[in-house]
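The values are calculated or read from the model by the stated rules, or taken from the named source; none is laboratory data. In this text the structure is predicted, and so the values were computed from the model without any measurement. Because the Cβ atoms are built from the backbone with ideal geometry, glycine has one as well, and the counts that use them run over all protein chains shown.
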Amino acid sequence: MRLDKFLKVSRLIKRRTVAKDISEQGRVWINGREAKPGSTVKVGDELTIRFGQKTVTVRVERLAETTRKDEAAGLYTLIREEYHRDDAEEEGNRQD
């Protein structure tokens, strides 16, 4: 399944066009390698997605062409969720 479609169907990202844009910006990795919107996602793959100051890593558990909202979270398992501080904020803290 295409990466952009999986991100939308799993509801990790709400719209496929947004999933495509984020992938094209180099903010999505599959198994540690930068991924494009058309990259193939398979069961067992580890996806890392950078959302601004948050990075989410999930493992793909199953694939589906469509899914209901209450079933979407069953397509993946959350492995890690990390929050990053803003670079400008870090600079300010070092000068104090």
Would you point out the residue of region 31-80, among those that are among the hydrophobic types (A, V, I, L, M, F, W, C) and assigned to a loop (DSSP other than H, G, I, E, B), that is surrounded by the fewest Cβ atoms within 10 Å (Cβ to Cβ)? Val43
May I ask you to verify whether Ile22 is within 17 Å of Thr77 (Cα to Cα) and of a type outside the set (S, T, N, Q)? no
I want to confirm something. Restricting to region 81-96 and keeping residues that are surrounded by fewer than 11 Cβ atoms within 10 Å (Cβ to Cβ) and of a type outside the set (D, E, K, R), which single residue is modelled with the highest pLDDT? Tyr83
Yes or no: Leu12 in contact with a Phe, Trp or Tyr (Cβ under 9 Å, 6 or more places away or on another chain) and among the hydrophobic types (A, V, I, L, M, F, W, C)? yes
Restricting to region 46-62, give me the number of residues that are more than 12 Å from the chain's Cα centre (by Cα) and at pLDDT 95 or above. 2
When you look at Lys69, is it within 18 Å of Arg11 (Cβ to Cβ), among the basic types (Lys, Arg) and over 14 Å from the mean Cα position of the chain (by Cα), yes or no? yes
Looking at region 1-30, which of its residues are in contact with a strand residue (DSSP E or B) (Cβ under 8 Å, 6 or more places away or on another chain) and loosely packed, with under 12 Cβ neighbours inside 10 Å? Gly26
I need the full set of residues from region 12-30 which are basic (Lys, Arg) and outside any loop (DSSP other than H, G, I, E, B), in order please. Arg16, Lys20
